[in-house]
Amino acid sequence: MAKVKIQGNASGTGILTVTAPNTSTDRTITLPDSTATIATTTEVALKAPIASPEFTGNVGIGVTPESWSSNVNALQVGDKGGIWTYDDNSNPEQFVISENVYNDATGTEKYIETDKASKFYQRNGEQKFFVAASGTADSAISWTTAMIINNDGIVTKPNQPVFDVGFSTSGTASQGTIVHNNTITDIGGNHSTSNGRFTAPVAGTYYFYTTFIKANTTSVGRRYIQVNGSKVANSRHLRLDSNSSYGDNGTLAITVTLSAGDYVTAYQEDTDSYGEGYDYFGGYLIG
């Protein structure tokens, strides 16, 4: 191999530089303005870079990994953390980040410990978030899809509370809670057709609306929204005056912050009659 010589700068600055050797035997380290040989180097063969290590099997950090499926390459972090891929050679490979999950030898996803579980996976450019109620260690997990982001960037939340109700026939409405008996949409099953209540499944900000049509020309029509049996604090309401024509209609919309278990109803303040075929109540969680 070629020889290497480390030599001081000729200008006497004290800077050492690496230069090509001037003879096949000149292998000294010298300082500027000095004729003394400081040291003689030894020849060292340069080795090829060490290849990046490749692990076979699954790896645990701070834990002995579970007995994962042979279709899985897993990095298990601590007791319940997981970063892994699943490839059975028949479907697109999926990349997964999970908590309290392992995929066993049969390809079944199971709880590591007795607790809740969650996972986020990517496949085919789509991202999905799953959650599971608490289960027993080493038992199979039954997943609930919490959110999906497809390859077009569209977000869907299958369990987002949403409802829209009306009446199956026309009739009259007296003073009090409006009990709509025709369910158009009720994702999550949070509205009751027996008492007219929507019960908030989780705390958050909700959007509600109610609409009605005036069935006479002599009386005032008023509609508002109640929370836990009381008119909402901002006291908004929908009013159709006594001189309004038959068939006049309107919609009241409002946002309300609720705790889990709070219930919301549409309330009619007057005993006048209204056309129920055009009467609706609905809402959904917005944040």
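The values are calculated or read from the model by the stated rules, or taken from the named source; none is laboratory data. In this text the structure is predicted, and so the values were computed from the model without any measurement. Ideal geometry is used to build each Cβ from the backbone, glycine not excepted, and the neighbour counts take in all protein chains shown.
Here are some notes:
- Identity of the residue in segment 238-269, among the hydroxyl-bearing types (S, T, Y), modelled with pLDDT of 65 or more and surrounded by 15 or more Cβ atoms within 10 Å (Cβ to Cβ), that ends up nearest to N181 (Cα to Cα): T265
- Output for segment 180-211, where each listed residue is touching a Ser or Thr at 6+ places or on another chain (Cβ under 7 Å), at pLDDT 90 or above, β-branched (V, I, T) and surrounded by 14 or more Cβ atoms within 10 Å (Cβ to Cβ): T183, T193
- F167 meets the conditions (1) touching an Asp or Glu at 6+ places or on another chain (Cβ under 9 Å); (2) free of Cβ contacts under 8 Å to residues at least 40 places away in the same chain; (3) outside the structural domain of K80 (by TED's automatic domain parsing) in every case but one. The failed one is (2).
This table checks each residue for (1) touching a helix residue (DSSP H, G or I) at 6+ places or on another chain (Cβ under 9 Å); (2) crowded, with 18+ Cβ neighbours inside 10 Å; (3) at pLDDT below 95; (4) among the β-branched types (V, I, T).
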| site | (1), (2), (3), (4) |
| --- | --- |
| V59 | no, no, yes, yes |
| I97 | no, no, no, yes |
| Y111 | no, yes, no, no |
| T114 | no, no, no, yes |
| N124 | no, no, yes, no |
| A133 | no, no, no, no |
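- Condition met for D88 (loosely packed, with under 14 Cβ neighbours inside 10 Å, free of Cβ contacts under 8 Å to residues at least 40 places away in the same chain and among the charged types (D, E, K, R)): yes
- All conditions but one from (1) acidic (D, E); (2) more than 19 Å from the chain's Cα centre (by Cα); (3) outside the structural domain of Q268 (by TED's automatic domain parsing) apply to D186; the one that does not is (3).
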